[in-house]
């Protein structure tokens with residue numbers, strides 16, 4: 001495992017994953033909300049901060065997500081950061097960083 005580019009997240013899907021086929025390979029795109037708690041300086045109360053991460057999964061991981069994950073599902077993700085750029089419709093160059101899934105566990109709520 002390459003520890004110089006390793007991301008681990010525990011959070012919940014913000015929406016149903018979007019699963020497509022690219023060159024006969026499945027790819028899933030989804031967002032994950034991760035909550036963090038901290039005490040602001042001089043405060044006794046914890047504050048919750050929600051951070052959103054864009055996630056992409058290929059092949060068997062995309063298939064697993066398609067079958068087992070939906071909006072609100074808790075996920076445990078091990079992955080790596082990938083950055084890319086594109087030019088939008090207005091001709092502005094945009095940069096995107098996303099987490100590429102290396103392993104994922106989808107945890108559904110017990111009935």
Using percent of Cα pairs over 23 Å apart as the read-out, say which of [x] 23; [y] 19; [z] 38 was calculated from these coordinates.
[z]
Honestly segment 62-111 on the Cα gyration tensor test (a ≥ b ≥ c root eigenvalues; a/c under 1.5 rounded, otherwise a/b vs b/c for prolate or oblate) is just prolate
At a threshold of 8 angstrom on Cα-Cα distance, excluding pairs fewer than six apart, so keeping six or more, what relative contact order does the chain reach in percent?
29 percent
Using Cα springs under 10 Å in a Gaussian network model of the chain, which residue among 60, 24, 68 shows the largest mean-square fluctuation?
24
So what is the 222 nm mean residue ellipticity for the chain from helices alone, if each DSSP H run of at least 4 adds -39500 (n - 2.57) and you divide by all residues, rounding to the nearest 500 deg cm²/dmol?
-2500 deg cm²/dmol
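Quick note: the coordinates plus some simple rules give every number you see, no bench work behind them. Just so it is clear, the model here is predicted, and its values are computed rather than measured.
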